[in-house]
Each structure stands twice: as structure tokens, then as C-alpha cells.
């Protein structure tokens with residue numbers, strides 16, 4: 001073998017060996033490579049945030065009824081910044097009371113440097129209230145802001161409410177400019193109304209902060225009606241490891257007078273975004289008497305939620321001790337609505353939800369005990385239609401009403417007893 005042949009063989013051997021090493025190394029790298037990590041969400045934070053606001057709400061003085069909230073807006077429980085929700089209404093008529101113009105509610109979750117928080121703002125151009133021949137009350141440029149935040153080291157909260165002008169227009173004569181109310185010192189128009197800055201509340205702890213600013217509260221003396229103007233609220237909390245909660249329970253809700261008047265949510269209990277740390281919280285309502293036609297006694301709302309590194313779980317429950325319709329024509333005792341939700345992972349199959357604990361209690365019609373099935377509605381001629389255990393699937397949870405009662409007296413009134421809703425959303429992983 002000549003020298004050229006030897007050199008060629010040695011060169012080919014070196015190339016083959018190098019290629020083998022390269023291929024083996026590549027194979028080892030491919031076999032041992034970890035799967036690509038799921039990208040982290042740049043807008044996610046370790047905090048749970050929620051904010052809401054509204055322009056006006058009217059509440060009657062004789063029965064617990066609400067007009068509903070005008071220009072209402074909310075950012076539901078989230079751990080993400082960049083949320084921006086707004087609701088704007090040009091003109092609102094408050095039946096029998098007056099008008100509201102230029103109402104806007106805006107709720108945002110924001111990050112500025114190391115500070116993460118939620119800001120809720122409500123602004124109103126003008127409020128005109130005239131519920132009697134005595135005159136008209138004008139409020140110009142009302143605004144309320146609530147801000148709850150974490151600055152990287154601790155939680156904090158701020159609120160502010162502003163009113164540019166308060167004016168009374170008597171039936172005869174020029175307008176009267178009134179002094180702006182000071183905190184705790186209402187301005188009174190004799191025989192007409194009291195105007196006060198409602199309280200602001202800014203509690204904070206090592207684990208969170210809340211900011212509630214109720215703006216203005218106006219009590220119209222002739223009708224004992226309360227008008228709340230410019231409400232804003234913001235909440236932030238820590239301890240979000242596996243789930244973000246959203247839910248509520250209330251014993252009595254519904255509508256009256258052909259769906260014109262809302263009964264509101266009585267004994268309302270709202271679930272904090274990060275849960276209750278395993279503590280069962282409760283709110284009670286001694287009784288509600290709706291003009292003698294519907295009497296509700298012994299209402300209780302309860303909730304509990306907790307989470308750890310593996311799962312998030314909880315329940316919402318409301319109980320109605322008794323309901324008496326038509327002076328004993330229909331009596332219901334012991335209605336309970338309950339929703340239970342558990343999340344063990346991010347996938348749909350990792351969510352378990354049920355209504356265990358829901359019961360409809362007993363029913364008596366004109367003194368006679370009746371069977372009330374759980375799976376179908378019944379109708380009591382001329383009195384009421386009763387729908388037991390009304391269950392609605394909602395994203396990441398369930399909603400239940402133990403009993404829905406529609407009165408057959410021509411008013412179209414609907415009563416909802418034993419209401420509970422709970423949702424548990426997965427937590428997006430924050431950026432590193």
C-alpha cells in the first residue's frame with residue numbers, strides 16, 4: 001500500500017469517526033431533551049384583582065327594591081393587567097325622580113413599573129332630581145375613583161370623590177347655589193332632600209387591599225327614597241396559586257310589578273377572588289316583608305373557598321327558613337341552594353362541579369302539605385308556578401336557584417329563593 005492510499009484511508013476513517021460522534025451526540029441530545037416549556041403570560045401577575053362601578057342606584061325606603069345600577073361596569077376576578085372595560089350612557093331617566101346625563105364607568109387593571117393594581121372611575125356630567133313641587137336639585141360634574149394596588153413591597157388603597165356644583169332651583173325665584181357637603185356633614189334643603197358625601201373605605205392587610213368610594217348619597221325626604229351617585233370599587237389580593245374564584249349567594253331575589261322593579265339580592269354574600277382561606281363566612285337576614293304579600297323569614301348566605309399548590313375548591317350556599325305568600329295561601333319551609341366546585345388543573349376535565357346540598361324543603365298550600373318533586377315544575381292554579389332546582393351551567397362553574405316562584409296574580413312577579421353561583425378559573429402563569 002503506497003503512502004497516498006494510507007493517507008486516504010486514515011482521512012476517511014477520521015471523517016467517519018467524527019460523523020458517528022456527531023450523530024450519536026445529536027441522538028443523545030434529542031432523546032434527553034426536555035419538552036419545551038409553556039410560555040408564561042406577560043400580562044399575568046401573582047395578584048387577584050377585581051373592580052366595578054356605576055352611575056346611579058335608587059332604593060326605596062319602604063321595601064328592599066332597587067332600580068338597578070346605571071352605566072354599571074365590572075372587571076371580574078382576574079390576575080391579568082391590561083383589562084380595560086367601560087360603559088357610557090348619554091341620558092338616564094330615573095322614573096318619577098329626574099334625569100342623569102353623561103354617565104361613564106371605566107375599570108382598568110394596570111401595571112406601572114413595579115406597581116400592579118386596579119382602578120375604577122365613575123364620572124357624571126349632571127344629575128337633575130325633582131320629585132315634588134318644591135323644586136329641583138342639580139349636581140354638576142360628579143366623579144369618584146377607587147384604586148387598590150401593590151407597589152412591589154406592600155398593598156395600598158386610595159379613593160377620591162369630587163363635586164363641582166350643587167344647586168337648588170325653587171319653583172319661583174333664581175337658583176340657589178349650595179355649599180358643597182363636607183364629610184359627615186350633609187347639606188339639607190328643608191323639606192326636599194339631604195345631600196352627603198357617602199363614606200369611603202380603604203382597608204388593607206399584608207395579603208390585600210380594598211378601596212370603596214360611594215360618591216354621593218341623596219335622601220329625598222318626601223318619598224324616603226335614597227339615590228346613590230357615582231360608586232367605584234377596587235380590590236386586589238395575594239395568595240393566588242391554583243384558581244381564581246368568582247361567586248355569590250343570596251337567599252331572596254327576583255322581580256315584582258311585571259319585571260319593572262328588581263328585588264335586589266338580599267343577604268348577598270360575594271366570594272373574594274382568592275377565596276376565604278378555608279373559613280366559612282356567613283350573612284344573615286332576619287326577615288323581609290314585601291307589603292304583606294310575601295313574607296320571608298330566616299335567610300342565611302354562606303361561602304367557603306380555599307386553594308393550595310394542587311387544587312382550588314369551595315362552595316356557595318343560601319338558605320331560606322320560610323316563605324309565606326298570600327297570607328298563608330302558599331308556605332315553603334327550608335329551601336337550600338348550594339354549588340360546589342373543585343379545580344385540579346387547567347383542562348376542562350380537571351373541573352368538578354355539582355349541586356350537592358340543594359333541597360327544596362316542604363310546601364303547604366292552603367294548609368295542606370304537598371309533594372314537591374325535584375325534577376319538574378308544578379303549578380298551583382291561580383296562585384303560583386313553582387320551578388324547583390333550576391341549574392344553569394356557567395363557564396368554570398355552576399349556578400343554582402332552589403326555587404323559582406312565578407305569581408299567577410297578573411303582576412308577573414318572580415321570586416328566586418336559595419340562589420348560589422361559584423366559578424373557579426385557572427390561573428395563568430405570570431412572567432418570570
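Residues that are under 29 Å from residue 115 (Cβ atoms), modelled with pLDDT under 95 and surrounded by fewer than 17 Cβ atoms within 10 Å (Cβ to Cβ): does the range 163-178 have at least one? Within the range 163-178, none of the residues are under 29 Å from residue 115 (Cβ atoms), modelled with pLDDT under 95 and surrounded by fewer than 17 Cβ atoms within 10 Å (Cβ to Cβ). On inspection, residue 312 qualifies as surrounded by 15 or more Cβ atoms within 10 Å (Cβ to Cβ), assigned by TED's automatic domain parsing to the domain that holds residue 393 and either at pLDDT 95 or above or in contact with a strand residue (DSSP E or B) (Cβ under 6 Å, 6 or more places away or on another chain) (or both).
Going residue by residue through the range 143-159, is there one that turns out to be closer than 23 Å to residue 58 by Cβ, free of Cβ contacts under 8 Å to residues at least 60 places away in the same chain and over 25 Å from the mean Cα position of the chain (by Cα)? No, the range 143-159 contains no residue that is closer than 23 Å to residue 58 by Cβ, free of Cβ contacts under 8 Å to residues at least 60 places away in the same chain and over 25 Å from the mean Cα position of the chain (by Cα).
Look at residue 158 and say whether it is assigned to a strand (DSSP E or B) and within 30 Å of residue 274 (Cα to Cα).
yes
Restricting 67, 3, 14 to residues that are at pLDDT below 85 and surrounded by 14 or more Cβ atoms within 10 Å (Cβ to Cβ) narrows the list to 67. The set of residues in the range 411-432 being under 17 Å from the mean Cα position of the chain (by Cα) and at pLDDT below 90 consists of 425 alone. Residue check: is residue 254 at pLDDT below 85 and not in a loop (DSSP other than H, G, I, E, B)? Answer is yes for this residue.
As for the range 128-141, it holds no residue that is buried (at least 17 other Cβ atoms within 10 Å of the Cβ) and within 27 Å of the chain's Cα centre (by Cα). Between 408, 398, the distinction of being at pLDDT 80 or above and within 29 Å of residue 425 (Cα to Cα) belongs to 398 only.
Only a single criterion out of (1) surrounded by 18 or more Cβ atoms within 10 Å (Cβ to Cβ); (2) on the phi > 0 side of the Ramachandran plot is not satisfied by residue 367, namely (1). For the range 219-231, name all the residues that are surrounded by fewer than 24 Cβ atoms within 10 Å (Cβ to Cβ) and either at negative phi or assigned to a strand (DSSP E or B) (or both). Answer for the range 219-231, where residues must be surrounded by fewer than 24 Cβ atoms within 10 Å (Cβ to Cβ) and either at negative phi or assigned to a strand (DSSP E or B) (or both): 219, 220, 221, 222, 223, 225, 226, 228.
Restricting attention to the range 364-403 and to residues that are in contact (Cβ under 8 Å) with a residue 60 or more places away in the chain and under 18 Å from residue 265 (Cα atoms), the residue that is farthest from the chain's Cα centre (by Cα) turns out to be 403.
Failed condition for residue 127, given (1) in a strand (DSSP E or B); (2) within 30 Å of residue 426 (Cα to Cα), with all others met? The failed condition is (2).
The values are calculated or read from the model by the stated rules, or taken from the named source; none is laboratory data. Bear in mind the structure is a predicted one, so any value in this text is a computation, not a measurement. Here the Cβ is made from the backbone with ideal geometry for all residues, glycine too, and neighbour counts use every protein chain on show.
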